[in-house]
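The values are calculated or read from the model by the stated rules, or taken from the named source; none is laboratory data. Not measured: the values here are computed from a predicted model. So basically every Cβ, Gly included, is an ideal-geometry build from the backbone, and we count neighbours across all protein chains shown.
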Amino acid sequence: MRKNSRVTQLLLLGILLFFGSFLIVPLLVLSAGSWQSGWQTGLAQYGAVLSDKNIMLAIRNSLKISAAAALLTTGLAFGLAYTVHCTNIPGKLKKAIHLGIILPMLLPTITYGFAIIYSFGKQGLLTKLFGYELLSIYGFNGLLTGYVIYTLPPAFLLINNAFSYVDKKFIIVSQLMGDSFWRSFVNTVLRPLLGTIGSAFVLAFILCFTDFGIPASLGGTYNVIATELYQVMLGTIPDFQTGSVIALLMLVPAVFAVLFLNHLEKFNFHYEGFRSTALPVNKLRDRVCGILSLALVGVVAAVFAVMFVAPAVKNYPYDMSFTLQFIEKALASRMLLEVYENSLLVALASAAAGTILSYSAAVVNVRTGFSKQTKASLDLLAMIANTVPGMVLGLAYLLSFNGSSLKGTFTLIICCNIIHFFTTPYLMAKNSLAKLNPAWETTGELMGDTWAQTMVRVIIPNSLATIVEMFSYYFINAMVTISAIIFLVTAKTAVVTSKIKELQHFASFNEIFVLSILILMTNVAVKLLSDFWYQKLATR
């Protein structure tokens with residue numbers, strides 16, 4: 001690599017200043033907030049929180065439900081990925097399973113709760129179809145259902161990607177050697193994926209532990225740590241010091257999760273070579289896996305079907321006559337449309353600025369001659385951003401910018417989204433840039449181009465497909481997030497997810513579902529467009 005130019009130095013400085021201002025400083029302010037009354041008073045506050053029966057019960061509930069949901073999710077995600085990669089069911093069915101299971105990612109988690117209520121409640125759509133109440137929706141059962149639906153898509157994508165690198169010729173070799181189906185399965189499928197399976201469990205656990213949307217609608221009397229923090233901060237009398245302590249306690253499982261993920265690295269499996277191999281015929285395996293996977297996708301689809309039914313009938317579930325009056329009323333409401341426009345503004349700005357920041361950080365890490373320590377600092381910032389739960393980050397912003405001109409602005413919400421969703425796009429760009437020819441900058445320099453000219457003319461055009469994928473990831477997550485921005489929105493900066501939380505208090509479920517459909521349609525359109533351009537650019 002060439003000697004670092006002024007452009008690269010300014011780029012690094014800008015990245016570090018942004019992270020210093022919108023990640024490190026807010027976390028320090030949050031930490032200081034828990035000790036704001038002095039050392040002894042701070043210790044007393046920690047003692048008071050740790051001895052508070054309600055808070056400790058909420059923490060135990062969170063750990064219990066998160067572990068149960070993560071275990072169930074990981075098993076289901078593995079089964080789905082196994083069906084896609086290790087069976088001979090038709091390719092169209094595999095695509096249907098893949099698409100059907102990732103659709104919930106395009107909806108805000110707070111909508112999951114209302115969809116479950118309208119599906120499994122006493123007057124729910126599925127309850128009516130089956131003739132009896134399938135499960136008690138409030139408390140543990142409802143949260144478990146919501147969390148599994150919420151975490152199944154990312155866990156599936158993680159395991160599904162790892163399955164792509166499992167060499168299936170070893171399955172055939174194992175069977176030729178006379179191994180039983182179970183022995184062959186353990187040695188050729190399960191063992192190579194142990195690290196990824198563990199990572200999927202950790203991912204699902206942290207997502208459940210830190211989510212606010214699902215317990216906000218389904219928690220009932222089953223308090224979890226996220227709702228406890230919300231009540232402390234936005235109750236009748238906000239308690240900032242107690243809120244800071246709870247927020248810091250929420251970081252503890254995330255820190256242990258990161259350490260556990262590092263430990264799982266030793267289970268990663270690497271083949272010396274890899275090639276596509278036809279799978280052995282096993283009709284029983286294919287039928288069982290195919291039926292169960294399609295049934296699971298069908299259940300997930302059925303839960304969200306009510307979202308389209310309820311606002312399209314006169315009085316769900318008593319008068320099921322078709323009508324468009326609720327949809328027309330919602331779309332004619334200037335207040336709801338303004339909220340939707342706010343969401344579009346925030347998502348577009350977060351996606352554009354976030355893509356630029358994460359791509360720039362990846363460029364500095366991979367395509368410059370900075371020291372290993374400097375590059376490691378960028379990876380550390382990415383790890384910290386990935387570790388901090390959304391609610392903790394939002395609370396840190398609330399405390400840090402409470403008296404500044406950024407308070408209650410779209411800018412603060414956008415900056416929060418950029419930091420909160422930074423890690424995955426950064427890793428996307430880093431992996432993509434690492435695969436490009438490392439000599440291109442040197443060649444450009446010999447031809448008289450500056451580093452910036454080489455970036456614009458060569459590096460960026462050759463990584464456009466990844467940039468499109470990064471933009472899509474930022475946009476979709478910014479549209480559906482609620483945990484990260486629940487403490488930051490105001491009446492003027494309300495977005496769709498925060499408006500749904502407000503409409504919950506008025507039992508305006510038709511408007512909630514219409515807004516949710518708007519988010520879904522928007523994200524589907526963005527996803528389809530990004531996939532189209534990704535394939536086109538990747539092929540080129």
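Of the residues making up the range 310-326, those that are crowded, with 17+ Cβ neighbours inside 10 Å and part of a helix (DSSP H, G or I) are 310, 311, 312, 326. Out of 93, 103, one residue alone is more than 26 Å from residue 220 (Cβ to Cβ) and either under 18 Å from the mean Cα position of the chain (by Cα) or assigned to a loop (DSSP other than H, G, I, E, B) (or both). It is 103. Scanning the range 402-433 for residues that are outside any helix (DSSP H, G or I) and in contact (Cβ under 8 Å) with a residue 24 or more places away in the chain yields 408, 409, 421, 422. Taking the listed residues 195, 219, the one that is touching a helix residue (DSSP H, G or I) at 6+ places or on another chain (Cβ under 8 Å), buried (at least 19 other Cβ atoms within 10 Å of the Cβ), modelled with pLDDT under 85 and among the small types (Gly, Ala, Ser) is 219, with no other qualifying.
Is it true that residue 73 is of a type in the set (Ser, Thr, Tyr), modelled with pLDDT of 95 or more and under 30 Å from residue 292 (Cβ atoms)? Against the criterion (of a type in the set (Ser, Thr, Tyr), modelled with pLDDT of 95 or more and under 30 Å from residue 292 (Cβ atoms)), residue 73 qualifies.
The rows are residues; the columns are (1) buried (at least 21 other Cβ atoms within 10 Å of the Cβ); (2) outside the structural domain of residue 65 (by TED's automatic domain parsing); (3) more than 22 Å from the chain's Cα centre (by Cα); (4) among the charged types (D, E, K, R).
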| position | (1), (2), (3), (4) |
| --- | --- |
| 207 | yes, no, no, no |
| 210 | yes, no, no, no |
| 229 | yes, no, no, no |
| 232 | yes, no, yes, no |
| 239 | no, no, yes, yes |
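Cβ separations smaller than 9 Å between residues 6+ apart or across chains give the following pairs from the range 111-135 residues that are within 10 Å of residue 306 (Cβ to Cβ) to residues that are assigned to a loop (DSSP other than H, G, I, E, B) and modelled with pLDDT of 90 or more: 115/107.
If you go through the range 390-401 and pick out every residue that is among the hydroxyl-bearing types (Ser, Thr, Tyr) and buried (at least 24 other Cβ atoms within 10 Å of the Cβ), you end up with 1. Scanning the range 402-413 for residues that are in contact with a helix residue (DSSP H, G or I) (Cβ under 8 Å, 6 or more places away or on another chain) and either surrounded by fewer than 22 Cβ atoms within 10 Å (Cβ to Cβ) or not assigned by TED's automatic domain parsing to the domain that holds residue 478 (or both) gives 406, 410.
Restricting attention to the range 397-432, the residues being closer than 20 Å to residue 207 by Cβ and not aromatic (Phe, Trp, Tyr) number 10. Among the candidates 360, 371, 333, the residue that is surrounded by fewer than 21 Cβ atoms within 10 Å (Cβ to Cβ), polar (S, T, N, Q), assigned by TED's automatic domain parsing to the domain that holds residue 502 and farther than 21 Å from residue 7 by Cα is uniquely 333.
Within the option set 73, 87, being surrounded by 16 or more Cβ atoms within 10 Å (Cβ to Cβ), in contact with a Lys or Arg (Cβ under 7 Å, 6 or more places away or on another chain) and either more than 27 Å from residue 307 (Cα to Cα) or touching a residue at least 12 places away in the same chain (Cβ under 8 Å) (or both) holds for one residue only, 87.
A single entry from 391, 428 fulfils the requirement of being farther than 19 Å from residue 474 by Cβ and under 21 Å from the mean Cα position of the chain (by Cα): 391.
Determine whether the range 473-480 contains at least one residue that is modelled with pLDDT of 90 or more and out of contact with any helix residue (DSSP H, G or I) (no Cβ under 6 Å at 6 or more places or on another chain). Yes.
Considering the range 507-540, and only residues there that are surrounded by fewer than 19 Cβ atoms within 10 Å (Cβ to Cβ) and of a type in the set (Gly, Ala, Ser), the residue that is farthest from residue 465 (Cα to Cα) turns out to be 507. Within the span defined as the range 56-68, one or more residues are polar (S, T, N, Q), touching a residue at least 60 places away in the same chain (Cβ under 8 Å) and over 18 Å from residue 200 (Cβ atoms). Among all residues of the range 486-501, there is at least one that is part of a loop (DSSP other than H, G, I, E, B), touching a Cys at 6+ places or on another chain (Cβ under 8 Å), among the hydrophobic types (A, V, I, L, M, F, W, C) and at pLDDT 90 or above.
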